[in-house]
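Structure first, then comments.
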Amino acid sequence: MSEELTKQGMLYLSATPIGNLEDMTLRGIRMLGEADLIAAEDTRHSRKLLAHFDIHTPLTSYHEHNKLDKGPELVKKMLAGDTIVCISDAGLPGISDPGAHLAQLAIEAGIKVSPLPGANAALSALICSGLDTTAFTFYGFLPKTGKKRRELLEQIARKTETLIFYEAPHHLKSTLGDLVKALGPHRPAATARELTKKFEEFRRCTLGDLADYYSEHEPKGEFVIIVGGYDNDEADLVGPAEQLSPRELVEQMEAAGMGRKEAMRETAKKLGISRRDVYQALLDEFT
Ligand code: SAM
């Protein structure tokens, strides 16, 4: 047993590869092998990784749906002296994945919590995006419901730091469409697809160009979307209308005396979207 494993139990949160198995760190492999127990998001998935590295440590499942029962059980084991390594299906546990709650429980119980760093999709995409890396906000997956999603997008429209999103391939087109509506088509942006895998690909252009590209090419694989922050000069570039959401534009026109139907028609024209999209944006208000 290495010096790192003491008699007192502790929790490690370990990165696992996001595609390329060679991105598993030497320290991660050693610690996974030496721990008393591995708490994995999906034991079937992780068994393949562990088999690849000839690791035979017992596995238990720890995920979003059992964390409330399983978390305290794992804490008990650590208090009794066990060293547990928590892993997710890919990348860092706790980043759009289970792990953060277990870390909180362990900290509250006075257990030492330590990282085993490694692969992460968001930061890997960011550093190769060509966009500003000095200040950024990670949003992970956008909320699915119309209202929450719209409110968040409205909030972030004027954020000056780089924005990072995760998205599943079957939602990529609609998410890019919503980002274009909320932030305008001219923002510099990039998609990072299948990072570290055989078909890794970066597209670095503008939000509008990304939306156009993926409306013609079916998205396949895993994606990170990186968007440049709001630039004060942008107002001149895109015109004030594109800085407003459809609802804000309709309201502005109504306040100027226009009827709702006409305001919706004008909004659609100004934003280059369909009247149906404007109607949907207004409906989302009430969902
Ligand atoms: N914990 C992970 C991390 O640290 O990156 C993130 C897990 S989250 C459930 C899965 C999302 O991460 C995917 O939908 C995708 O947006 C992104 N992702 C994971 N692996 C990726 C890869 N190889 N290339 C691009 N994006 C990836």
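The values are calculated or read from the model by the stated rules, or taken from the named source; none is laboratory data. All values reported here derive from a predicted model rather than from experimental measurement. Backbone-built Cβ (ideal geometry, glycine too); neighbour counts: all protein chains shown. Ligands, DNA and RNA are stripped out before the accessible areas are found, and what is left, the full protein with its side chains, is counted by its heavy atoms. Shrake-Rupley method; radii C 1.70, N 1.55, O 1.52, S 1.80 Å.
Among the residues of the range 52-67, which ones are open to solvent by 70 Å² or more (accessible area, probe 1.4 Å) and in a helix (DSSP H, G or I)? Of everything in the range 52-67, just one residue is open to solvent by 70 Å² or more (accessible area, probe 1.4 Å) and in a helix (DSSP H, G or I), namely 52. The set of residues from the range 259-279 being among the small types (Gly, Ala, Ser) and open to solvent by 30 Å² or more (accessible area, probe 1.4 Å) comprises 259, 272, 274. Whenever a residue of the range 178-201 is within 27 Å of residue 280 (Cβ to Cβ), its partners that are within 10 Å of the ligand (Cβ to nearest atom) and open to solvent by less than 30 Å² (accessible area, probe 1.4 Å), lying with C-beta atoms within less than 8 angstrom and at least six residues away or across chains, give the pairs 179/165; 179/225; 189/225; 191/172; 191/223; 191/224; 191/225.
Look at the range 68-98 and say how many of its residues are within 8 Å of the ligand (Cβ to nearest atom) and either of a type outside the set (S, T, N, Q) or open to solvent by less than 40 Å² (accessible area, probe 1.4 Å) (or both). It would help to see each step written out before you state the result.
Here is the first cut: in the range 68-98, the ones within 8 Å of the ligand (Cβ to nearest atom) are 88-97.
Filter once more, so that each one left must be either of a type outside the set (S, T, N, Q) or open to solvent by less than 40 Å² (accessible area, probe 1.4 Å) (or both): 88-95, 97.
Residues flagged as within 8 Å of the ligand (Cβ to nearest atom) and either of a type outside the set (S, T, N, Q) or open to solvent by less than 40 Å² (accessible area, probe 1.4 Å) (or both) within the range 68-98 amount to 9.
For first residues located in the range 212-225 and more than 20 Å from residue 187 (Cα to Cα) and in contact (Cβ under 8 Å) with a residue 12 or more places away in the chain, partners that are basic (Lys, Arg) and within 8 Å of the ligand (Cβ to nearest atom) and lie 6+ apart or on another chain with Cβ distances below 9 Å form the pairs 219/193; 220/193; 221/193; 221/197; 222/193; 222/197. Within the range 131-142, residues that are within 19 Å of residue 155 (Cβ to Cβ) reach partners that are away from the ligand (no atom under 16 Å from the Cβ) and open to solvent by 40 Å² or more (accessible area, probe 1.4 Å) with beta carbons closer than 8 Å, at six or more positions or on different chains, in the pairs 135/160; 137/159.
Could you check how many residues of the range 36-51 are buried (at least 18 other Cβ atoms within 10 Å of the Cβ), within 20 Å of residue 103 (Cα to Cα) and not small (Gly, Ala, Ser)? If you could, list the steps in order and put the result at the bottom.
If we filter the range 36-51 for residues that are buried (at least 18 other Cβ atoms within 10 Å of the Cβ), which is where we start, we get 37-41, 46, 49-50.
Adding the requirement that they be within 20 Å of residue 103 (Cα to Cα) leaves 37-41, 46.
If we keep only those that are not small (Gly, Ala, Ser) as well, we get 37-38, 41.
Qualifying residue count, the range 36-51: 3.
The number of residues in the range 99-114 that are assigned to a helix (DSSP H, G or I), among the small types (Gly, Ala, Ser) and either within 18 Å of residue 162 (Cα to Cα) or within 16 Å of the ligand (Cβ to nearest atom) (or both) comes to 2. Hey, does the range 161-176 have a residue that's loosely packed, with under 14 Cβ neighbours inside 10 Å, touching a residue at least 12 places away in the same chain (Cβ under 8 Å) and over 14 Å from the mean Cα position of the chain (by Cα)? Scanning the range 161-176, I find at least one residue that is loosely packed, with under 14 Cβ neighbours inside 10 Å, touching a residue at least 12 places away in the same chain (Cβ under 8 Å) and over 14 Å from the mean Cα position of the chain (by Cα), so the answer is yes.
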